[in-house]
Amino acid sequence: MDQVTGRARLLAMAFALATAGSPAIARDRALPALAAGDRYVAMGSSYAAGPGVGTAAEGPARCGRGQLSYPHLVAAALSLTLVDATCSGSTTEHVLGPWGELPPQIDAVDAETRLVTITSGGNDIGFVRNLFAAACATMPADGRPAQCPTAQRPTAADWTALEARMHRIAAEVRRRAPRARLVFVDYATILPARGGCAALQGAPADLDASRKDALRLAALTARVARQEGALLLTASRLTAGHGPCDADPWSFGSTAPQGSVPVHPGPKAHAAIAETLVARLAAGR
C-alpha cells in the first residue's frame, strides 16, 4: 500500500465516523453532501501546495505541488476529482489574476465545482521571506549567502488591500460555483509563542514581528470567512505546539532535510489538516 492510499483510507474512516449532529456551515446548509467524483478546486500558496511533501504532483515545476499536501489527501479520502491550482510563491493577486504564464487560480472554479479550499495571504505580507531574512542575518559569516533577502514588513495599506482581495476571492467563488462549499484554511504555525530556538533562527525583534504578522493574518482570515459565511479551518491552532521549536515538530525550521523546504509545514502537518477538514466537511452536511 503506498503512502497516499494508506493515508486516504484512514481519512475516509474519519469521514465516516464524524458526528452528523454538528452545526452545519451556515451558507452551505442546503447543499447536498459531497459525492465521489465531485470537482474539488484547491487554491493558494506553498502552505497548500506542499513543496517537498511527498513526491512531486503534476503541474508547473515552479509551483512545487506535493502528492501528500492536504488537498491531495482530502481528495483521495473523499474520492473527489482534484483540480490543484495551488502554486508556491503565489499571492492573492495571483489567485485573482494571471502570474506570468500561469492563469488566475480562480479560473479553475466553475459551475461544476462542489468544494473550494483557499490558503493564501502569507506571501502578500512577506511572511516566509521575512523568516528567511531573519535566519540569514544571524548565520555565521562563513556560511552566509553573499546577499541575504531584505525583510519587507506589511503596511496598513497592505493589510487593507489583502482583506479586500480575500473578500473578492470569496465573491468570485460564490459567483462561479454557487453550489460549492468554500473553506478558508489558514497558515500552519511555525513560530513558537515567544522567542526562537536553534532550529528557527533570527533576532528576537525580527521573530516577534513575524509572529505578530502571523497572528494578524490568522485573524484576518477568520474575519473574512465569518463575514462570507464560509467554513474556517484554523490550521494555525491545529499545528500550534508542533512547530520546529517543539518536541514533536510537524514543520521545518530554518533548515530542512533534502527535498523539503525550510519554514514550511511537513507531511505530519498536512495530514493533520486533511484529517480535520474531512471531519469538518462531514459535520457540515
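The values are calculated or read from the model by the stated rules, or taken from the named source; none is laboratory data. Treat the numbers as computed from the prediction; the structure is a model and nothing was measured. Note that each Cβ is placed from the backbone with ideal geometry, even for glycine, and that neighbours are counted across all protein chains shown. Ligands, DNA and RNA are excluded from the accessible area calculation, which covers all protein heavy atoms including side chains. Shrake-Rupley method; radii C 1.70, N 1.55, O 1.52, S 1.80 Å.
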- Item | Residue-span extension gain [R237 to A111] - 0.36 nm each, minus C-alpha spacing | 42.1 nm
- Query: Could you give the alpha-carbon Rg of the chain over 2.2 N^0.38 Å, rounded to two decimals?
  - Reply: 0.97
- Relative packing of 44-56, 125-137, which averages over residues the other C-beta atoms within 10 Å, highest first: 44-56, 125-137
- Quick one: among R114, R39, R175, which has the greatest mean-square fluctuation in a GNM of the chain with alpha-carbon springs under 10 angstrom? R175
- Carbon/sulfur accessible area of the range 192-231, % of total, 1.4 Å probe, equals 56
- Length gained when the stretch A209-E93 is fully extended (0.36 nm per residue, less Cα-Cα span): 39.4 nm
- Item | Cα-based radius of gyration of the range 193-239 once divided by 2.2 N^0.38 Å, which approximates compact folds | 1.42
- Hey, can you grab everything whose amide H is under 5 Å from the amide H of G243? Only 5+ residues off in sequence or another chain; H modelled, so Pro and N-termini drop out. W250
- Message: Give me, ordered by chain and number, the residues 5 or more places off R39 or on other chains with an amide H under 5 Å from its own placed amide H.
- Response: T81, R114
- Query: Of the beta bridges DSSP finds with both residues in the chain, what % are antiparallel, to the nearest 5?
  - Reply: 20
- Query: Hey, what's the chain come to in accessible area per residue, 1.4 Å probe, Å²?
  - Reply: 44
